[in-house]
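Peer 1: Here it is, the structure in full.
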Amino acid sequence: MDIEQFRKAGYAAIDRICDYFYSLEKLPVTSKVEPGYLRKLIPDEAPENGEDFTKIADDVKEMILPGLTRWQHPSFFAYFPTACTFEGILGDLYSSSLSNPGFNWSASPACTELEVITMDWAAKLLGLAPAFYNASEVGGGVIQTSASDVVLVAVVAARSRFQRDHPDTKVEDMVIYATTQTHSLAKKAAIVLSLQVRSIEVKSEDQYALRGDSLRAALEEDAKLGRKPFILIATVGTTSSGAVDNVVELAAVLKDYPDIWFHIDAAWAGVALACPEFREQLYLPEINESATSVCANFHKWGLVNFDCSAMWVRDRRLLTDALDVTPIIHDPSDLSFVGTAIDYRNWHLGLGRRFRSIKLWFVLRSYGIAGFQRHIRKTIDMNNLFVKLLSESKVLTLFAEPSLALTVFRITPPEGVDKFSAEALSDLNARFFKVVSARDDIMLTQTSLNGHVCIRFAVGSARTEENHIKQAYEIVEQEAAKVIETWRQHQS
């Protein structure tokens, strides 16, 4: 493909993408293809000779699109939202066309410098303290692929620091601290690094948040057993219910344990810090005072297309001391800037990296702070509408306090919960979820909170409007009534 052929194909691709977005609301949210469907449509081997690109693009429409779950659909309320904005799409296009791996400053100065600047923009947007700015030349921010990668990097750096300060510590005694509501990223990091992880139990009366007394009890117990906790992963906005661990109490406990790295996983809820009215409930002042590292995913609720997971550290040397590997091939011929420029390859596990900051730059410039805040507030308002509708239902009830743009609810027989066992109600809600999951015009996810099966409703798509919330409520209300009637007949 030469330049002019690319120009023609590019124009056609944009037209196809626009047509797709025009039709998006009329399309099903979920795909109904069966496993292996694509193997029946695509040859076993690549073609011997190149094919016309129009035919290739046609096959995207005919073969690929039917097999997609449409996360950007206005009736997608599962998991957490994934950002899909035109500004982000264009940022990805520019990034791909520039093809700069940007592993050190000299490999492509603009890749590093734009990330340095935009991560400070993002830190200021969220109200993080100047200690986390790249401009501080002590702390700083870096874009990782996902919150799981952020935690893996934090655990590696925390382990390195702890072993440096306590050289006699055995690896098998080292423990990652998380909670029973922490994302699976903690367990994944433990598997990758052959470490122990302790999931501290959280209580429903605490709204599934980790409290200081539970942390202290675990620390004292492990001290007696000779275990060495070296990092605590606290969550601001858990996956299951949006719970916010009590950062005030946790920070107070950790003052007695200064060797423990304090990581704040705010992958989903962190972008809500852009709105000052949510900063106190998300413990921003305490995060600024006590956190060692912080994560917020702009590719979820934050309008930047996947992947763009922001990580900030209070002391960048904690990363570079653990991860700096500089073979001679990566030493620049001009050493005049060494020590004055960031080499981001030493801030994460991989060497190569995408030019992700350009799409963050595009989004923040296009929306501005006010537009970004409007998006966050709008989705929270729509979740509040869903909560209001739930309050009027005879068969749907909240199971946990709503958290920003996330609601956890369950269906409950009109007779009330007291007449049924917890196991029976969980069975009822599992049946309900199965019925709703069979539909293709809405997508929700289920979860289990301390053994109770319930349903999650997460708002966040930039294309969701009030009519989609009302439609979603009508669907779950009607399906709940049917499931309860069928279940009651089965019980009798």
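Peer 1: For the pair Glu401 and Tyr94, how long in nm is the line joining their label points, each one 7 Å along Cα→Cβ?
Peer 2: Calculated label separation equals 4.2 nm.
Peer 1: Which semi-axis lengths, in whole Å and largest first, follow from the square roots of five times the eigenvalues of the Cα gyration tensor of the range 100-355? Kindly include the intermediate steps, with their values, before the conclusion.
Peer 2: Numbers: eigenvalues 177, 98, 45 Å².
So the three semi-axes of the range 100-355 are 30, 22, 15 Å.
Peer 1: Which whole-number percent gives the relative contact order of the range 25-112, counting Cα pairs below 8 Å spaced six or more residues apart? Each step should come with its number before you reach the end.
Peer 2: Details: 40 pairs, mean separation 24.3, N = 88.
It comes to 28 percent, rounded to a whole number.
Peer 1: Could you state the number of Å between the C-alpha centres of the range 352-422 and the range 1-54?
Peer 2: Centre-to-centre (Cα) distance: 32 Å.
Peer 1: What are the ³J(HN,Hα) couplings of the range 173-183, residue after residue, when phi is run through the Karplus curve with 6.51, -1.76, 1.60 and θ = phi - 60°? Round to Hz, x for glycine and proline.
Peer 2: Computed from phi, the couplings for the range 173-183 are 8, 7, 10, 8, 9, 9, 10, 5, 10, 5, 3 Hz.
Peer 1: In sequence order, what are the phi-derived ³J(HN,Hα) couplings for the range 378-385 according to the Karplus relation 6.51 cos²θ - 1.76 cosθ + 1.60 with θ = phi - 60°, rounded to whole Hz, with x for glycine and proline?
Peer 2: Taking θ as phi minus 60°, the curve returns 4, 5, 5, 4, 5, 5, 4, 5 Hz for the range 378-385.
Peer 1: Put +1 on the Cβ of every Lys and Arg and -1 on every Asp and Glu Cβ in the range 257-319; which of Ala274, Leu303, Phe262 then has its Cα farthest towards the positive end of the dipole?
Peer 2: Leu303
Peer 1: Please work out the C-alpha center-to-center distance from the range 425-474 to the range 236-313 and express it in whole Å.
Peer 2: 26 Å
Peer 1: Shape call for the range 3-68 from the C-alpha gyration tensor, a ≥ b ≥ c root eigenvalues: rounded (a/c under 1.5), prolate (a/b greater than b/c) or oblate?
Peer 2: On the way: a/c = 4.32, a/b = 1.10, b/c = 3.94.
Judged from the Cα gyration tensor, the range 3-68 comes out oblate (a/c at least 1.5, b/c at or above a/b).
Peer 1: Considering amide H positions built from the backbone, and no H for Pro or chain starts, which residues 5 or more places from Ala462, or on another chain, come under 5 Å of its amide H?
Peer 2: Hits under the 5 Å cutoff: Cys84.
Peer 1: So how do His452, His263, His166 line up by other beta-carbon neighbours within 10 Å, fewest first?
Peer 2: Sorted ascending by nearby Cβ count, the order is His166, His452, His263.
Peer 1: Under the Karplus relation 6.51 cos²θ - 1.76 cosθ + 1.60, θ = phi - 60°, what is the ordered set of whole-Hz ³J(HN,Hα) values for the range 465-472, x standing for Gly and Pro?
Peer 2: 10, 4, 5, 6, 5, 5, 5, 4
Peer 1: Here's another thing I want to ask about it. Non-local amide H neighbours of Asp441 (under 5 Å, H modeled in plane, Pro and chain starts lacking H): which ones?
Peer 2: Answer set, sorted by chain and number: Val29.
Peer 1: With the crude spin-label approximation of a point 7 Å out along Cα→Cβ, what separation in nm comes out for Thr180 versus Glu280?
Peer 2: In this crude spin-label approximation the distance works out to 3.1 nm.
Peer 1: May I ask you to compute the full-extension gain from Glu205 to Lys170, defined as 0.36 nm times their residue separation minus their alpha-carbon distance, rounded to one decimal in nm? Let's see the in-between values first.
Peer 2: On the way: separation 35, 0.36 × 35 = 12.60 nm, distance 3.70 nm.
Full extension from Glu205 to Lys170 adds 8.9 nm.
Peer 1: Same structure again: What percent of all Cα-Cα pairs in the range 57-206 falls in each 5 Å bin, counting up from 0?
Peer 2: The calculated distribution, bin by bin, is 2, 7, 9, 12, 14, 16, 16, 11, 7, 4, 1, 0, 0.
Peer 1: Using just the C-alpha positions of the chain as equal point scatterers, what log10 of I(q)/I(0) does the Debye formula give at each q in 0.08, 0.09 1/Å?
Peer 2: The computed values of log10 I(q)/I(0) come out as -0.56, -0.71.
Peer 1: Then there's this: With +1 on each Lys and Arg Cβ and -1 on each Asp and Glu Cβ, how big is the dipole of the chain about its Cα centre, in debye rounded to the nearest 20? Show your work: numbers first, answer last.
Peer 2: On the way: 51 positive and 63 negative charges, 103 e Å.
Rounded to the nearest 20 debye, it is 500 debye.
Peer 1: Sort 39-50, 70-81, 270-281 by packing, meaning the average of other beta carbons within 10 Å per residue, with the highest value first.
Peer 2: In descending order of packing, they fall as 70-81, 270-281, 39-50.
Peer 1: Could you give me D for the range 222-284, from Stokes-Einstein at 4 °C and 1.567 mPa s, where the hydrodynamic radius is the Kirkwood radius over C-alpha pairs? Units µm² s⁻¹, please.
Peer 2: 101 µm²/s
Peer 1: With 10 angstrom as the radius, rank Leu126, Leu193 by how many other C-beta atoms surround their C-beta, starting from the fewest. Mind dumping the intermediate values first?
Peer 2: Working: Leu126 25, Leu193 15.
Exposure proxy ranking, most exposed first: Leu193, Leu126.
Peer 1: Out of residues 5 or more away from Phe306 or on other chains, whose amide H comes under 5 Å of its own, with H placed 1.01 Å from N in the peptide plane?
Peer 2: Distant-sequence amide H within range of Phe306: Ala83.
Here, each number is a calculation from the coordinates, and none is a lab measurement. For clarity, every value in this text was computed on a predicted model and none was experimentally measured. In this analysis, Cβ positions are derived from the backbone assuming ideal geometry, glycine residues included, and neighbour counts consider all displayed protein chains.
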